[in-house]
Amino acid sequence: MILKNNDINKIYNMIENKLEEIIPVEWEKIILYAEVTEDLVISYFYFYESNKREPVYSLDIDEEYNLDDEEVEELSDELDECLRELWKVFLLEKQKQWTNITMYINNKREFNIDYDYNDIRNEDPYKQHIIWRYEKLGLYPVKERERDVRIIEDYINVKRSN
């Protein structure tokens, strides 16, 4: 059975609209990570503000832009519900069930989505986040964050040996 493009496109648009509500400034691109299971949704994203080189982390938005943290949290919960809906569409349509996605959105509202099917239930979410940042955003941790540096160095060494 093939996914109904209308359903999927509606959900993609809901996700993009929710991100628009959360981000209080003009942006160039957004890179979102989401991990979804029956019991859990973990999501975070980074966005590049227009004319800025460094990305802004989703958990820093309220502080960075002096916003009400409860409002940002509520919108983030709504985003998670949209992501859960996307996951459910795959389940209902009996498609291969993804475990996590990386969604790229540019300022023309064009999407590119990488679906991942690896079982990540036993992975360390913190370690996974650091590696994801390195892989998807090209962000190497600052040397003061020794644990993060070790995570990336170990990751690079494992990749080299494979």
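Tabulated data
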read-out	value
Qualifying positions in region 96-113 - in a strand (DSSP E or B) and exposed (fewer than 12 other Cβ atoms within 10 Å of the Cβ)	N112
Hey, I31 under 19 Å from E74 (Cβ atoms) and in a strand (DSSP E or B) or not	no
Residue match in region 119-135 (condition: part of a loop (DSSP other than H, G, I, E, B), charged (D, E, K, R) and closer than 27 Å to W27 by Cα)	no
Hey, W132 touching a Ser or Thr at 6+ places or on another chain (Cβ under 9 Å) and outside the structural domain of V41 (by TED's automatic domain parsing) or not	yes
Filtered residues of region 136-162 (kept if without any contact (Cβ under 8 Å) to a residue 12 or more places away in the chain and assigned to a helix (DSSP H, G or I))	E146, R147, V149, R150, E153, D154, I156, N157, V158, K159, R160, S161
Options E123, E78; residue that is under 26 Å from Y48 (Cα atoms) and of a type in the set (D, E, K, R)	E78
Single residue of L67, L91 found to be part of a loop (DSSP other than H, G, I, E, B), among the hydrophobic types (A, V, I, L, M, F, W, C) and at pLDDT below 95	L67
Criterion (free of Cβ contacts under 8 Å to residues at least 12 places away in the same chain and surrounded by fewer than 16 Cβ atoms within 10 Å (Cβ to Cβ)) met by exactly one of E73, E93	E73
Condition met for Y140 (more than 27 Å from Y12 (Cα to Cα), touching a Phe, Trp or Tyr at 6+ places or on another chain (Cβ under 8 Å) and not hydrophobic (A, V, I, L, M, F, W, C))	yes
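The values are calculated or read from the model by the stated rules, or taken from the named source; none is laboratory data. Bear in mind that the values here come from a model prediction, so they are computed numbers and not experimental data. Here the Cβ is made from the backbone with ideal geometry for all residues, glycine too, and neighbour counts use every protein chain on show.
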